[in-house]
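Notes follow once the structure below has been shown.
The values are calculated or read from the model by the stated rules, or taken from the named source; none is laboratory data. This one's a predicted model, so the numbers in the text were calculated from it and none came from an experiment. Every residue, glycine among them, receives a Cβ derived from its backbone with ideal geometry; neighbour counts consider all protein chains shown.
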Amino acid sequence: MGDGEARSVPALELGRYLGLWFEVGRLPLRFEDERSTDVTAEYSLNDDHTVRVDNRCLDENGEPTQALGQGLPDDEHPGRLQVTFLPESLRWIPFTKADYWVLRIDEGYENALVGTPDHKHLWLLSRDHRMSKELESSYLDTAREQGFDLADWIRPSQSGRVVQV
């Protein structure tokens, strides 16, 4: 077990990070049903250099769900964003942005471990809807080393398709 401190990657090429990711696994989220399937996150750059976050899934009833958010890159820490899912008119309210840190990413930008420094949220993302058990174990070891409790780890079912809303 590591020192328990979450550490973002020292360098991140945002342009390479953009695009579609499949959720391999996550810690429970109050705003996402545990039985959600086909969970994806797609990142693109807005004209103002913020990041558009487009999360999609099928909820427990098989209904398509979408959450749109905005990410603000941290110029001093390339592996960190602040993300909000509030409507644009409410985004000025303090303390409504969550820290979103890339904790590990491979050289090809094919797999990523993303979490919050308070250890409450964690996602394992991949460009492919499938990940080998060995690779998943390696990424989850990194999470444990950084102090994440994975007792409630959720692996959503993935068909490889992107939910249309």
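Condition check ((1) at pLDDT below 95; (2) among the small types (Gly, Ala, Ser); (3) surrounded by 19 or more Cβ atoms within 10 Å (Cβ to Cβ)) across all residues:
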{"position": "GLU34", "(1), (2), (3)": "yes, no, no"}
{"position": "ASP38", "(1), (2), (3)": "no, no, yes"}
{"position": "LEU72", "(1), (2), (3)": "yes, no, no"}
{"position": "PRO78", "(1), (2), (3)": "yes, no, no"}
{"position": "PHE85", "(1), (2), (3)": "yes, no, no"}
{"position": "ARG91", "(1), (2), (3)": "yes, no, no"}
{"position": "PHE95", "(1), (2), (3)": "yes, no, no"}
{"position": "ARG104", "(1), (2), (3)": "no, no, yes"}
{"position": "GLY108", "(1), (2), (3)": "no, yes, no"}
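Yes or no, residue by residue, for (1) among the polar types (S, T, N, Q); (2) over 23 Å from ALA11 (Cβ atoms); (3) at pLDDT 95 or above; (4) surrounded by fewer than 16 Cβ atoms within 10 Å (Cβ to Cβ):
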| position | (1), (2), (3), (4) |
| --- | --- |
| LEU125 | no, no, yes, no |
| GLU136 | no, yes, yes, no |
| GLU145 | no, no, yes, no |
| ASP149 | no, yes, yes, yes |
| SER157 | yes, yes, yes, yes |
